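Comments concern the structure below.
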Amino acid sequence: CVCCMESIATMDPSELSQMETLCNSLYNATSEQERSQAHTILIPLTQDASQLPRLQNLIGTSNQPHALVFAATAALKIITQFWAQIGDTQKEELRSFLLNFLAQKGPDVLRSAPQALTQVIRLVCR
């Protein structure tokens, strides 16, 4: 359902751009300093279950492969480490979001970030 995509607070364009730049720097930095700075900013997002909606938003709005890989990998880490802390409503919203996401963008997005996205989709939707 489209409502599940809209229920996630949307990221403003400047935040989306910043997140995409940081993700690109994490995986494709031109210097160790650039990679380290991106790592310092992004890694806390992988350690806090309250960041799951932000990661969902990044998955739902970005077309950049590095951002998709980071967001899916971070979401997978949160889901596996904090599953018991995630409420049933949020689990169902995440499941609906991922199924809707697949229906809307699946083939295109899975070509750019297949491994990370399929793992998180398989885990949540089984």
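Can you pull out the residues in segment 110-124 that are among the hydrophobic types (A, V, I, L, M, F, W, C) and either touching a Gly at 6+ places or on another chain (Cβ under 9 Å) or modelled with pLDDT of 70 or more (or both)?
If the condition is that a residue be among the hydrophobic types (A, V, I, L, M, F, W, C) and either touching a Gly at 6+ places or on another chain (Cβ under 9 Å) or modelled with pLDDT of 70 or more (or both), then Leu117, Val120, Ile121, Leu123, Val124 are the ones that fit.
Evaluate segment 57-79: report whether one residue or more is over 15 Å from Glu20 (Cβ atoms) and free of Cβ contacts under 8 Å to residues at least 40 places away in the same chain.
Yes, some residue in segment 57-79 is over 15 Å from Glu20 (Cβ atoms) and free of Cβ contacts under 8 Å to residues at least 40 places away in the same chain.
Only residues that are farther than 18 Å from Glu15 by Cα and small (Gly, Ala, Ser): list them for segment 28-73, please.
Correct list: Ala29, Ser31, Ser36, Ala49.
Do the conditions hold for Ala71, that is, is it hydrophobic (A, V, I, L, M, F, W, C) and open to solvent by less than 10 Å² (accessible area, probe 1.4 Å)?
So Ala71 fits the description; yes.
Might you let me know whether segment 60-70 holds any residue that is of a type in the set (Phe, Trp, Tyr) and under 21 Å from Phe101 (Cα atoms)?
For segment 60-70, residues of a type in the set (Phe, Trp, Tyr) and under 21 Å from Phe101 (Cα atoms): present.
Could you go through segment 40-56 and let me know if any residue there is acidic (Asp, Glu), at pLDDT below 95 and part of a helix (DSSP H, G or I).
Within segment 40-56 (the criterion being acidic (Asp, Glu), at pLDDT below 95 and part of a helix (DSSP H, G or I)), the answer is no, since none of the residues qualifies.
Answer yes or no as to whether Asn63 is of a type in the set (S, T, N, Q) and open to solvent by less than 80 Å² (accessible area, probe 1.4 Å).
no
Out of (1) of a type outside the set (Phe, Trp, Tyr); (2) within 19 Å of Arg122 (Cα to Cα); (3) open to solvent by 10 Å² or more (accessible area, probe 1.4 Å), what's the single condition that is false for Ile78?
The one condition Ile78 does not meet is (3).
Taking into account only those residues within segment 1-39 that are at pLDDT below 90 and among the aliphatic types (A, V, I, L, M), which is nearest to Asp88 (Cα to Cα)?
Out of the qualifying residues, it is Ile8.
Consider segment 8-38. How many of its residues are of a type in the set (Ser, Thr, Tyr), touching a residue at least 40 places away in the same chain (Cβ under 8 Å) and part of a loop (DSSP other than H, G, I, E, B)?
Looking only at that region, the number is 1.
The values are calculated or read from the model by the stated rules, or taken from the named source; none is laboratory data. Here the structure is a predicted model, which is why all the values come from computation and not from measurement. Virtual Cβ from ideal backbone geometry, glycine too; neighbours counted across all protein chains shown. Note: accessible area is taken over every heavy atom of the protein model, side chains too, but ligands, DNA and RNA are not part of it. Shrake-Rupley method; radii C 1.70, N 1.55, O 1.52, S 1.80 Å.
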